[in-house]
Amino acid sequence: MTTDITILTRELTPFEQLVLGLLCEGKTNSAIAHETSHTEKVIENTVSRAAKAFNIKSDPQTNTRVLLALAFRRSEER
């Protein structure tokens with residue numbers, strides 16, 4: 001079963017957009033934390049909240065970061 005991950009359940013905050021942009025560049029949470037002067041925990045929580053905004057659920061068969069990057073890029077195209 002395929003899920004449409006392009007539909008947002010809410011608007012992303014500017015910080016979520018920044019973090020997802022860096023995630024799309026392939027940066028790790030650690031690298032994003034360093035670049036944004038935040039802790040890794042803040043980045044982890046931001047990625048998690050953004051995944052929920054796209055209704056992306058974590059499971060063993062899903063790479064949440066990849067789906068999140070794809071969903072974010074699709075949402076930017078609109």
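Segment residue 74..residue 59, full-extension length gain: 3.2 nm, with 0.36 nm per residue of separation and the alpha-carbon distance subtracted. Over every Cα atom in the chain, the radius of gyration and the widest Cα-Cα span, Dmax, amount to 11.9, 39 Å. When the helices of the chain are scored as -39500 (n - 2.57) per DSSP H run of n ≥ 4 and the total is divided over every residue, the value at 222 nm lands at -18500 deg cm²/dmol. Per residue, the accessible area of the chain comes to 65 Å², computed with a 1.4 Å probe over protein heavy atoms only. Expressed as a whole percent, the accessible area of the chain that falls on carbon and sulfur atoms is 53 (1.4 Å probe).
As a length-normalised measure over Cα pairs under 8 Å and 6 or more apart, the relative contact order of the chain settles at 41 percent.
The values are calculated or read from the model by the stated rules, or taken from the named source; none is laboratory data. Nothing here was measured: the structure is a model prediction, and the numbers come from that model. Just so you know, the surface numbers come from the protein's heavy atoms only, side chains and all, with ligands and any DNA or RNA stripped out. Shrake-Rupley method; radii C 1.70, N 1.55, O 1.52, S 1.80 Å.
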